[in-house]
1. Can you tell me how many residues within the stretch 56-81 are assigned to a helix (DSSP H, G or I) and free of Cβ contacts under 8 Å to residues at least 60 places away in the same chain?
2. Of the conditions (1) modelled with pLDDT under 90; (2) over 29 Å from Val198 (Cβ atoms); (3) surrounded by 11 or more Cβ atoms within 10 Å (Cβ to Cβ); (4) not aliphatic (A, V, I, L, M), Glu70 clears all except one; give me its number.
3. Please give the number of the condition Glu191 fails out of (1) outside any loop (DSSP other than H, G, I, E, B); (2) touching a strand residue (DSSP E or B) at 6+ places or on another chain (Cβ under 6 Å); (3) in the same structural domain as Thr53 (by TED's automatic domain parsing).
4. When you scan the stretch 163-186, do you find a residue that is at pLDDT 95 or above and among the small types (Gly, Ala, Ser), even just one?
5. Go through the stretch 124-155 and report how many residues are within 22 Å of Pro84 (Cβ to Cβ) and modelled with pLDDT of 55 or more.
6. Determine whether the stretch 141-158 contains at least one residue that is touching a strand residue (DSSP E or B) at 6+ places or on another chain (Cβ under 8 Å), surrounded by fewer than 15 Cβ atoms within 10 Å (Cβ to Cβ), free of Cβ contacts under 8 Å to residues at least 24 places away in the same chain and in the same structural domain as Asp60 (by TED's automatic domain parsing).
Amino acid sequence: MKQLVVIIVSVLVPFIGFAQVMDDTDIKKLEKGEYNIEAGKIQVTFSDTVSPTFIEQKLDDMGYEILSSEIKNIVLSIENNPSPQQLKELEESEWVEFVMSEAAGNSDKEMEEINDSDTLGSDKVNQLLAKLTYSKEYEYVVVALTYNATEKTVTDIKAAYPDLKFEVLQKSQRSAILKTEEDKELEAMDELKKLDFVKNTAMVGNLE
């Protein structure tokens, strides 16, 4: 079975190899140059702020066929306990695609007190309900950002909520494998590198 490896063309180092999943044997093969270049294929990595639709349209206009693509937005998790108001603000942010959360179960003692509310005054019941509402705990909170959110956006969000502990679950990624004419891979790479929304280009190889 072939395992795809991307060979990055660099000014300082002619070929730098990497792969998402490789074992030690594959890495040793790569270091020894035991790989084959895939004819008629290149990888292109795009700027974080461009949309998938924009990428597809521009490449189609230039006559390139996308063989495969990997488009990922930034996804954050909140590791401590946000307030309902903070979640509401995040959901309404222009940088947030959606917020997904799962509330932790309420304590048995608190639920028993509410269930026995006929023995409590209405003020006490309201206090308990308010406590459950405003000290709600969550099993998890996931915040998915919009396609145009960048690392600076994450920094700004963290600064806006200094009491919340954000972790990056998924970094932004914009890349695609494009079909080119055989023996014209380098020419295509040179053409694409001139575009302001292209970060880098690479040739694609395989390990047997």
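1. Qualifying residue count for the region: 4.
2. Going through (1) modelled with pLDDT under 90; (2) over 29 Å from Val198 (Cβ atoms); (3) surrounded by 11 or more Cβ atoms within 10 Å (Cβ to Cβ); (4) not aliphatic (A, V, I, L, M) one by one, Glu70 breaks only (2).
3. In the conditions (1) outside any loop (DSSP other than H, G, I, E, B); (2) touching a strand residue (DSSP E or B) at 6+ places or on another chain (Cβ under 6 Å); (3) in the same structural domain as Thr53 (by TED's automatic domain parsing), Glu191 misses (2) alone.
4. No; the residues of the stretch 163-186 include none that is at pLDDT 95 or above and among the small types (Gly, Ala, Ser).
5. Selection size over the stretch 124-155: 10.
6. no
The values are calculated or read from the model by the stated rules, or taken from the named source; none is laboratory data. Worth saying up front: this structure is predicted, and the values here are computed from it rather than measured. For neighbour counting, all protein chains shown are included, and Cβ atoms are generated from backbone atoms with ideal geometry for every residue, glycine included.
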